[in-house]
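Input: a single structure, listed below in structure tokens.
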Amino acid sequence: MKLSCLRPLAALLLTLGLAACGGKASYDVSGTISNLNNNGLVLANGGENLPVDAGQTSFTFKKRIDYGTDYNITVQTQPAHMTCGIAGGSGSAGHYINISAAVSCSQNSYTVGGTISGLTVDGLVLINGNTTTTVAKDAKTFVMAFPVADGTTYNVSVSTQPKGLLCVVQPGTGAGTMGSANITTVQIACTAAAAT
């Protein structure tokens with residue numbers, strides 16, 4: 001018999017055994033947590049809230065639930081600068097011996113972009129970290145290809161100049177630390193390159 005078939009059977013036998021002794025099976029509502037780097041996460045189940053500290057790798061609600069009781073673990077409050085999701089967070093107690101949801105968190109990310117002037121030919125390639133973005137001629141705005149995680153640094157520069165032009169990131173606009181919004185203030189100015 002497959003293990004997946006044995007789990008409900010084992011839960012049923014446990015419940016019947018407890019019922020024969022006059023008791024009722026009850027279950028912890030618990031699970032695992034991954035990548036929780038910031039404080040502020042609050043989980044909820046059936047009117048009970050559970051604050052979770054940064055760095056925790058597991059959780060268990062204080063209230064146990066009886067056999068046959070539905071559970072629905074949700075994110076009541078997201079942690080600062082992060083978004084958490086839940087897998088296996090709802091069901092009915094007793095279907096499996098253990099209730100074990102999986103909470104997975106990731107740092108929020110935002111785009112980096114801005115404005116361009118004087119780009120009259122193709123060939124401009126911008127770089128931020130290991131990410132390059134090609135910008136078409138006549139573009140007035142740009143957005144780098146990949147977003148940047150909240151709290152990390154960005155530094156946009158010119159990787160490849162377009163033929164016949166010199167494009168420069170304006171001082172004070174191309175670098176900084178990501179906040180909780182898209183960056184739209186990088187300024188790039190292109191002018192005719194000096195003849196050589």
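The values are calculated or read from the model by the stated rules, or taken from the named source; none is laboratory data. Predicted model only: the values in this text are computed from it and were never measured. Every residue, glycine as well, gets a Cβ built from its backbone with ideal geometry; the counts of neighbours run over all protein chains shown.
So, in region 150-173, of the ones that are surrounded by 14 or more Cβ atoms within 10 Å (Cβ to Cβ) and at pLDDT below 95, which residue ends up nearest to the chain's Cα centre (by Cα)? Filtering first and then ranking leaves D150. In this structure, S109 does not qualify as of a type in the set (S, T, N, Q), touching a Cys at 6+ places or on another chain (Cβ under 7 Å) and at pLDDT 95 or above. Step by step: first the residues of region 11-54, then only those that are surrounded by 12 or more Cβ atoms within 10 Å (Cβ to Cβ), more than 30 Å from S106 (Cβ to Cβ) and of a type in the set (G, A, S), then the one that is modelled with the lowest pLDDT. Which residue is that? The extreme case among them is A19. Output the residues belonging to region 47-68 that are free of Cβ contacts under 8 Å to residues at least 40 places away in the same chain, part of a loop (DSSP other than H, G, I, E, B) and more than 20 Å from the chain's Cα centre (by Cα). Result: G47, F61, K62, K63, R64, G68.
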